[in-house]
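J.: The structure is given below, and queries will be raised subsequently.
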Amino acid sequence: MKTKLFTLLTCLFFISTYGQINHTIDDNSIEVHSVWAADINDDGYMDVLSASWESDEVAWYKNTDGQGIVWEKNIIAAQTMAYHVITADFDNDGDLDVAYTAFEDDTVAWGENDGTGNFTLHIITDQAAEYTKFFLLILMVMVI
């Protein structure tokens, strides 16, 4: 009985510790500072957004198979030292838009989603001090 209990507890520990399976979405993006999961193109599958510092881009990755194994990269903005990315429906049209910050050029911007994952960029400010960018994004989400 003690052996069976020990085996069961060992198996539960192993599964809870090592039970997840990791899938690489993009191994070419360098120094990703922010990721966000959301259904960007309203196909019922969770997609992933990223802000890459060294790759200088804000991108979204379409979950093409619905299982999180096959991804299609889509660039939202080529932005120097992209740092934060979030989603919300900023224009109240029913789809998720994207807001992001870029460190080098002090930019806070949002991308207006057409509902299929195509974005029109709107610069909120290019004069944000480095410490206020993150707080501006939080404020934007709280207001919505």
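J.: Want the number for residue 45 to residue 105: 0.36 nm per residue separation, take away the alpha-carbon distance, what's left? Walk me through the intermediate numbers first.
T.: Details: separation 60, 0.36 × 60 = 21.60 nm, distance 3.31 nm.
My answer for the length gained is 18.3 nm.
J.: Pop the C-beta distance of residue 91 and residue 127 into the FRET formula with R0 = 25 Å and round what comes out to the nearest 0.05.
T.: Result of the calculation: an efficiency of 0.65.
J.: Put a dot 7 Å past each Cα toward the Cβ at residue 72 and residue 30; how far apart are the dots in nm?
T.: Result: 2.8 nm between the two label points.
Rule-based calculations on the coordinates, nothing more; no lab input. What you are looking at is a predicted structure, and each value in this text was computed from that prediction instead of being measured. FYI the Cβ positions are ideal-geometry reconstructions off the backbone, even for glycines, and counts take in every protein chain you see.
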